[in-house]
Amino acid sequence: MTAIPVLAAPARGVTQARVVRSEWTKFWTVRSTRWSLLVATVLTIGFPILASVIISSHWGSQSPHDRATFNPLDPALIGSQIAQLAIGVLGVLVVSGEYSTGMIRATLTAVPKRLPVLWAKAGVFGAVTFALMLPSVLIAFFASQSILSRHDASYSWHHAGVARAVIGAVLYLVVVAVLTVGIGAVFRSTAGGIATFAAIFFVLPPIMNVLPSSWNSAISPYLPSEAGRAVIQLTHDSGTLAPWTGFGLFALYAAIALAAGAVVLKVRDA
Amino acid sequence: MIAAHLLTKDYGDKRAVDGLTFEVQPGIVTGFLGPNGSGKSTTMRLVLGLDRPTAGEVTVNGKPYAEHDAPLREVGALLEARSVHTGRSARNHLRALAQTHGIARARVQELIDLVGLHDVAGKRAGKFSLGMGQRLGIATALLGDPATVMLDEPVNGLDPEGIQWIRALLRGLAAEGRTVFVSSHLMSEMSMTADHLIVIGRGRLIADTSVRAFVAAASKDLVRVRTPDASALLEAIARLDGSVRVEPDGTFEVAGVGAEEIGRAAAAQGIVLFELTPHEASLEEAFMEITRGELEYSHEEVVA
Ligand SMILES: Nc1ncnc2c1ncn2[C@@H]1O[C@H](COP(=O)(O)OP(=O)(O)OP(=O)(O)O)[C@@H](O)[C@H]1O
Ligand SMILES: [Mg+2]
């Protein structure tokens, strides 16, 4: 067996669609994917049900004020807000895992134009996040509201702004997915990528609270996570952006992160 | 065919590849030879566009690698550093790469069988031994039925049977008319497989020649001499315009003077000789001869 078998059907050219198929295979064939997505799903559905059960069982002992200001959407979407951690970490890993293992060299040898790889990674992960989180968030919403409905403390799907906020929570996670793929491509390392993601989403917002309040209110609404959350909130006041304005800004941040990742991928040695 | 023109790569202050110009022809095995750190792996990464040249250019079949529509059909490469996700199975690794080029799934199984990985193809690549990883890398290189095969130290980590297999594979690939470019820092390994040699040292081209011409040019008649009276013999040989390399065990490797002359000079001065053996430089010695002074890390003690 000295000679290699000649390819029966010759290899065809690299196209964006083929790179997407390849990235789809890669995405599902490492363990971190399945674990992260399982965690994200369990958090998204589990927390709202748990929170609603607790709220429901303590409803009788709540003060009238607490009952009046209770927002039934809060428990419904709490899970998806926690799940962004799992989504964000996976987004970084989708790229940084290739660098830490050396896989990136095989990937870029197959696709030396490079950028199709990044678009495919962001596209595949964004689409999977949407496909998985849409039913999860809907289940979380209807399950939590049906638990809360016995106290007349629930929203119907048709209540003004509810559908937008629930779908918005799904879209928010899709943007987190794309944004963190971009962060992964910029930093290339798992530690650096996850630290940056955590800093932007979980460190920056509380830091704003120690700034003078005029600064805080001037900056906070424009932070990525705060801007993105505008679409999840039922009502907005002068301190937050309008739902789709905020979401648009959040998506713009993701586009910038992805573009920065594209520049790094294209320019730097692999 | 691979063609490099004044190819240069700097890493910071360090010049890893320095104005390399060469061509690698199809139908033969071309050995890419150089001491450690001479720039072989860097050159191969430059061919694939993984690293960008500081100056100069390198093309594959007339175009930069990245400009081909189906790059894996042009070049199949085994790189020095492992290039596999440790958490993915060998089969899925090959499948994912095949999909970028629309290569059928059957091809993946074919290659797994060819390199002898059928028993472990479903295992995570991170659990592979060095040799298994090397076989997976070779399967990856052959995936696209490439016109050019470029392997960076492919025998690394292979057992004797694997080494035999690689040699046969390389010759077979060349016989099919493919361009075969293989790096090594072992001249002896290259002598078993290569027809042509490109030798570099410190990133620079030292020789671009057929194996036969290389050996003829570099090898001299050498004489091995052992004596208890080293300094007297060194002087005597210096008077005869010979050059001496002192081996670690104290033996002299004398070049430029015949055994008879050395014997006569020693007798004339009463120098005792324990050994006086003429021999031809081996391929390895020819290589060391030609790369002397181009070594990145030299351990040799050279006495003129
Ligand atoms: N990514 C890098 N960053 C900085 N320096 C590098 C890099 N890659 C290679 N070098 C340096 O460039 C030089 C050439 O290295 P290279 O790996 O190409 O040599 P080589 O001929 O393949 O050696 P070996 O036989 O040991 O594999 C070395 O001095 C090395 O330290
Ligand atoms: Mg090397």
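Enter the mean number of other protein chain beta carbons within 10 Å of the beta carbon of each residue in B:68-80, as an integer. Walk me through the intermediate numbers first.
Values: counts 4, 5, 6, 9, 6, 5, 2, 2, 2, 3, 0, 4, 1.
The shielding value for this peptide is 4.
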What's the angle, to the nearest 10 degrees (0 to 90), between helix A:31-57's Cα axis and the longest principal axis of chain A?
0 degrees
Read phi for every residue in segment A:143-149 and hand back ³J(HN,Hα) as whole Hz from Karplus 6.51 cos²θ - 1.76 cosθ + 1.60, θ = phi - 60°, with x for Gly and Pro.
5, 5, 5, 6, 5, 7, 5
Evaluate the relative contact order of segment B:220-278 (contact order divided by residue number), counting alpha-carbon pairs under 8 angstrom at least 6 apart; express in whole percent.
51 percent
Residue mean of other protein chain beta carbons inside 10 Å, B:85-97
6
Largest-first ellipsoid semi-axes for segment B:91-143, taking √(5λ) over the Cα gyration tensor eigenvalues, angstrom:
17, 10, 10
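Give the ranking of B:85, B:185, B:118 by solvent-accessible surface, highest area first, calculated with a 1.4 Å probe. Write down the numbers at each step before the final one.
Values: B:85 30, B:185 65, B:118 95 Å².
In descending accessible area the options line up as B:118, B:185, B:85.
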Can you give the accessible area of residue B:288, probe radius 1.4 Å, in Å² rounded to 10?
70 Å²
Tell me the relative contact order for segment B:1-113 as a rounded percent, counting alpha carbon contacts under 8 Å between residues six or more apart.
23 percent
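Please report the relative contact order for segment B:2-209, taking Cα pairs under 8 Å with a sequence separation of at least 6, and give it as a percent rounded to a whole number. Could the numbers behind the result be given before it?
On the way: 423 pairs, mean separation 68.1, N = 208.
Dividing the mean separation by the residue count of segment B:2-209 yields 33 percent.
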Step by step: find N for segment A:16-268, compute 2.2 N^0.38 Å, then divide the Cα radius of gyration by it. What's the final number?
1.08
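Across peptide B:143-154, how many C-beta atoms of other chains are within 10 Å of each residue C-beta, on average? All intermediate terms of the calculation are to be shown ahead of the outcome.
Working: counts 5, 4, 8, 3, 0, 0, 1, 0, 0, 0, 0, 0.
For this peptide, the per-residue mean of nearby foreign Cβ atoms is 2.
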For segment B:28-37, just list the computed ³J(HN,Hα) in residue order, Karplus coefficients 6.51, -1.76 and 1.60, θ = phi - 60°, integers in Hz, with x standing in for Gly and Pro.
9, 9, 9, x, 10, 10, x, x, 4, x
At a 1.4 Å probe, what is the % contribution of carbon and sulfur to the accessible area of chain A?
70 percent
Nearest-0.05 FRET efficiency for residue A:6 and residue A:149, computed from C-beta distance (R0 41 Å)
0.05
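What percent antiparallel are the DSSP beta bridges of the protein assembly as shown, to the nearest 5?
Antiparallel bridges make up about 65 percent of those DSSP assigns within the protein assembly as shown.
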Could you pull out every one of the lysines with an alpha carbon less than 22 Å from that of residue A:113, ignoring same-chain neighbours closer than 8 positions?
A:26, A:121, A:266, B:9, B:63
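For segment B:220-278, what class follows from the C-alpha gyration tensor (a ≥ b ≥ c being the square roots of its eigenvalues): rounded when a/c is under 1.5, otherwise prolate if a/b is larger than b/c, else oblate? Intermediate results must be reported in sequence, preceding the final value.
Working: a/c = 1.35, a/b = 1.08, b/c = 1.26.
Rounded shape, in that the Cα axes give a/c under 1.5.
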Average accessible area per residue (Å²) across chain B - probe 1.4 Å, nucleic acids and ligands excluded
42 Å²
Two decimals, Cα atoms only, Kirkwood Rh: what is Rg/Rh over segment A:1-130?
1.24
Using a 1.4 angstrom probe and counting only protein chains, how large is the accessible area of residue A:217 in Å², to 10?
80 Å²
For segment B:123-181, the Cα-Cα pair-distance distribution in 5 Å bins from 0, as whole percents, is 4, 18, 28, 25, 16, 7, 2, 0
Report, to the nearest 10°, how far helix A:162-187 tilts away from the longest principal axis of the Cα atoms in chain A, using its own Cα long axis and a range of 0 to 90°.
40 degrees
Probe of 1.4 angstrom, ligands and nucleic acids ignored: what's the accessible area per residue over segment A:16-268, in square angstrom?
42 Å²
Ordering A:28, A:215 by accessible area with a probe of 1.4 Å, largest first, what comes out?
A:215, A:28
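Where does the protein assembly as shown land at 222 nm, in deg cm²/dmol rounded to the nearest 500, when only DSSP H runs of n ≥ 4 count, each adding -39500 (n - 2.57), divided by all residues?
Details: 23 runs with 300 residues, N = 574.
So the calculated ellipticity at 222 nm is -16500 deg cm²/dmol.
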With every protein chain left in place and a probe of 1.4 Å, what is the accessible surface of residue A:78, to the nearest 10 Å²?
70 Å²
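Dividing the Cα convex hull volume of the protein assembly as shown by residue count, how many Å³ per residue is that? Before the final figure, lay out each step's value.
Numbers: hull volume 116.0 nm³, N = 574.
Each residue corresponds to 202 Å³ of Cα convex hull volume.
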Report the full-extension gain for the segment residue A:268 to residue A:54: residue separation times 0.36 nm, less the Cα-Cα distance, to one decimal in nm.
71.9 nm
Carbon plus sulfur, as percent of the 1.4 Å-probe accessible area of chain B, comes to 51 percent
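Chains B and A: buried accessible surface, both sides, probe 1.4 Å, rounded to 100 Å²?
The B and A chains share an interface burying roughly 3900 Å².
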Distance from segment B:11-30 to segment A:91-110 (C-alpha centre basis), Å
26 Å
Rounded to whole Hz, the Karplus (6.51, -1.76, 1.60) HN-Hα couplings of segment B:59-69, x for glycine and proline
10, 10, 6, x, 9, x, 3, 5, 8, 7, 5
Positive dipole terminus of the protein assembly as shown, leading residue within A:143, B:164, B:230 (C-beta point charges):
A:143
Considering only chain B, what is the antiparallel percent among its DSSP beta bridges, to the nearest 5?
65 percent
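The values are calculated or read from the model by the stated rules, or taken from the named source; none is laboratory data. Quick caveat: nothing in here was measured; it's all calculated off a predicted structure. Counting neighbours? That spans all protein chains shown, and the Cβs are built from the backbone with ideal geometry, glycine included. When the accessible area is computed, the model is the full protein with side chains, heavy atoms only, and any ligands, DNA or RNA have been set aside. Shrake-Rupley method; radii C 1.70, N 1.55, O 1.52, S 1.80 Å.
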